[in-house]
Each structure stands twice: as C-alpha cells, then as structure tokens.
Amino acid sequence: MGPPGGGKGTQAQRLASAHGIPQISTGDILRAAVREQTPLGVKAKGFMDRGDLVPDEVIIGVMADRLRQSDAQKGFLLDGFPRTQAQAEALDAKLRERGPSGVRVVNLDVPDQEVVSRISGRRSCGKCGAVYHVKFTPSRKEGACDKCGGALVQRDDDREEVICKRLEVYHAQTRPVLAFYEKKGVVRSVRGTGPLDEVTALIEQALA
Ligand code: AP5
C-alpha cells in the first residue's frame, strides 16, 4: 500500500519477479480494459480520468475473478488493492475461504510533495507497461522502453489537477484501510524514498 506515485508498481514488479509470484495490479487491469474498450474499461474510464475510485462492487468482482486464476493459487502480490474498507473486508472473506491467509501488508511512506514530482515525470511503456521517470529513473533512449522498445507515454490521470484529486482520495479513503490491517498486526511501514534498490532491500527486510 502507499500513496499514488509511491512506487507500488515499481517495487511490486521487482518483488514479484524475484519471488516467482504474480503481481496483481488493479490499476494495470483497469488500464488494459480501457485500452481494449471492454465493458469494464468503458465503465471505469470516467472514474479514473477524474481521479476517483472505481466503485467497490465493480473492482471486488474483478479481483475475485483474478484470484481464481491458476497462477494465483500459491501466492500473489497485490498492488493498488484493497483501497477501501469494503474492499479489505471482501478480500479478507475471500482469503478465509482459502484457509490461513498469511497476509502481509507493506506500506510505502512517501511525502505528498514527492508524489507530485514523481507522477508528473512518470512515463510508462504503452506496450509492456514498464515504468520510468524522466529524471529519477530514465530509459536509456529518450521516449523508448529499455525492455521492449515500445513508445513511452504519459498516463491520462497523471495531469496535475487529477494528481491532487488522487491524493485527496488516498488520504480520505485508502490510508484509513491501514488501520484494518494494523489491528491484525500485519503492517510493516517502509521508507519509500531513496534509490530503488534501497527501497527494495527495506521491503525484503520488513517481510523477512
Ligand atoms: P493505480 O494505477 O493503482 O494508481 P495509483 O495508486 O495512483 O498508483 P500509481 O500507479 O500512480 O503509482 P505507484 O505507487 O504504482 O508508483 P510507480 O511505481 O508508478 O490506479 C489508477 C486508478 O485506477 C485509480 O485512480 C482508480 O481510479 C482506479 N483504481 C485502481 N485500483 C483501484 C481499486 N482497488 N479500487 C478502485 N479504483 C481503483 O512510481 C511512480 C513514479 O515514481 C514512476 O515514474 C517511478 O519511476 C518513480 N519512482 C518509483 N520509485 C522511486 C524512487 N524510489 N525514487 C524516485 N522515483 C521513483
């Protein structure tokens, strides 16, 4: 968990590949649906472009389907879910059906002003989804993905006025979800600033 632009996607990609488990990102699932203009994408686009959350009943259904897939049976890393109390409760119920869940929560601490500068410089590969930052983590060749050569683009919701709205929504609806997991004693907060390798190492330590 963590604020928009907190590095959830960047770190989740690294950890998931190091541990051989899938990274399940609700943001990535929704953006793919928007690109493909599926009924889910059509429904979600307006909420995402405004910086609002997609309604719980929609996203909970999407996640229930995703967690049933074969690659998610031996563990998974969630990125961007749960984001509301209702989503956390629905996840809890799903995990209980599967037996002892062993859920662990890593919270990335990143101040709001850093979030704004990170998101405004973020560029993502339109083909494979790899994430860069024009200043902090640039691609080797400007505008092209190091991994697949795809064109780097700015997300529709990375405009300044939408970033402010996403931060507001995070503080009002998502940050309070941490209390749900704190009561279970499973939250580890980690400094989300500094070099990427350092943040990865802090997360690994917190989970050890
Ligand atoms: P989502 O895609 O989840 O967006 P988000 O939470 O706002 O998070 P971001 O993807 O913006 O940031 P991140 O934390 O992954 O950071 P990143 O690694 O990219 O959701 C988008 C929208 O979908 C939501 O607004 C909502 O509408 C909808 N949605 C999604 N899930 C939902 C749910 N569960 N319920 C309802 N609606 C939902 O890093 C950011 C930048 O910083 C990058 O450029 C990166 O290179 C750079 N960076 C990363 N780490 C560092 C570092 N240590 N130092 C310097 N730069 C760094």
Val153 vs (1) among the β-branched types (Val, Ile, Thr); (2) touching an Asp or Glu at 6+ places or on another chain (Cβ under 7 Å); (3) open to solvent by 60 Å² or more (accessible area, probe 1.4 Å): all pass except (2)
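The rows are residues; the columns are (1) within 11 Å of the ligand (Cβ to nearest atom); (2) basic (Lys, Arg); (3) touching a Lys or Arg at 6+ places or on another chain (Cβ under 8 Å).
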position	(1), (2), (3)
Gln23	yes, no, no
Val42	no, no, no
Lys45	yes, yes, no
Gly51	yes, no, yes
Leading residue by the ranking (nearest to the ligand (Cβ to nearest atom)) among those in segment 25-35 that are at pLDDT 95 or above and not small (Gly, Ala, Ser):
Thr26
Pairs needed: first member in segment 8-22, among the β-branched types (Val, Ile, Thr); second member anywhere, surrounded by 15 or more Cβ atoms within 10 Å (Cβ to Cβ); C-beta distance under 7 Å; at least 6 residues apart or different chains.
Thr10/Val131; Ile21/Phe76; Ile21/Leu77
Given (1) within 8 Å of the ligand (Cβ to nearest atom); (2) not in a helix (DSSP H, G or I), identify the lone condition not met by Val199.
(2)
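Here's the yes/no breakdown for (1) under 18 Å from Val190 (Cα atoms); (2) buried (at least 19 other Cβ atoms within 10 Å of the Cβ); (3) in contact with a Phe, Trp or Tyr (Cβ under 7 Å, 6 or more places away or on another chain):
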residue	(1), (2), (3)
Gln69	no, no, no
Gly80	yes, yes, no
Gln85	no, no, yes
Gly99	no, no, no
Does Asp56 qualify as being within 11 Å of the ligand (Cβ to nearest atom), open to solvent by 30 Å² or more (accessible area, probe 1.4 Å), among the acidic types (Asp, Glu) and over 28 Å from Leu202 (Cβ atoms)?
yes
What single numbered condition from (1) surrounded by 12 or more Cβ atoms within 10 Å (Cβ to Cβ); (2) more than 19 Å from Ala12 (Cα to Cα); (3) within 14 Å of the ligand (Cβ to nearest atom); (4) acidic (Asp, Glu) fails to hold for Asp92?
(3)
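The values are calculated or read from the model by the stated rules, or taken from the named source; none is laboratory data. All figures in this text were calculated on a predicted structure; none of them were measured in a lab. Virtual Cβ from ideal backbone geometry, glycine too; neighbours counted across all protein chains shown. Each accessible area value is taken on the protein alone, full model and side chains, heavy atoms only, with ligands, DNA and RNA left out. Shrake-Rupley method; radii C 1.70, N 1.55, O 1.52, S 1.80 Å.
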